[in-house]
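What follows is a single structure, written as structure tokens, with notes after it.
The values are calculated or read from the model by the stated rules, or taken from the named source; none is laboratory data. Predicted, not measured: the structure shown is a model, and the values here were computed from it. Neighbour counts are summed over all protein chains in view; Cβ atoms, including those assigned to glycine, are modelled from backbone coordinates with ideal geometry. Surface areas here come from the heavy atoms of the whole protein model, side chains and all, with no ligands, DNA or RNA. Shrake-Rupley method; radii C 1.70, N 1.55, O 1.52, S 1.80 Å.
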Amino acid sequence: MVADVKHAALNAPSVPEVYVPFAQDPWNFATIAVRLEQASGPAVDAVRRQVWALDSGLPVDRIEFLG
């Protein structure tokens, strides 16, 4: 059990969470959070390139700026 998990947004309240092995409860998606000054431009492009360097078939979408 962990005490500080943000599922929807970095400014949302923290909630307790329990982790289980992937084989026990597989998901077909993943979410990563990267703190940037804005949701467009060279830094966002660099994040996309790094993800695609790992797997060019991975979608990189729903980029949000929380300001």
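Gln38 meets the conditions (1) modelled with pLDDT of 75 or more; (2) open to solvent by 100 Å² or more (accessible area, probe 1.4 Å); (3) polar (S, T, N, Q) in every case but one. The failed one is (1). Taking the criterion of being outside any strand (DSSP E or B) and over 25 Å from Val47 (Cα atoms), the residues of the range 1-25 that qualify are Met1, Pro13, Ser14, Val18, Tyr19, Val20, Pro21, Ala23, Gln24, Asp25. If you go through the range 1-35 and keep only what is charged (D, E, K, R) and either touching a Pro at 6+ places or on another chain (Cβ under 7 Å) or open to solvent by less than 90 Å² (accessible area, probe 1.4 Å) (or both), you end up with Lys6, Glu17, Asp25.
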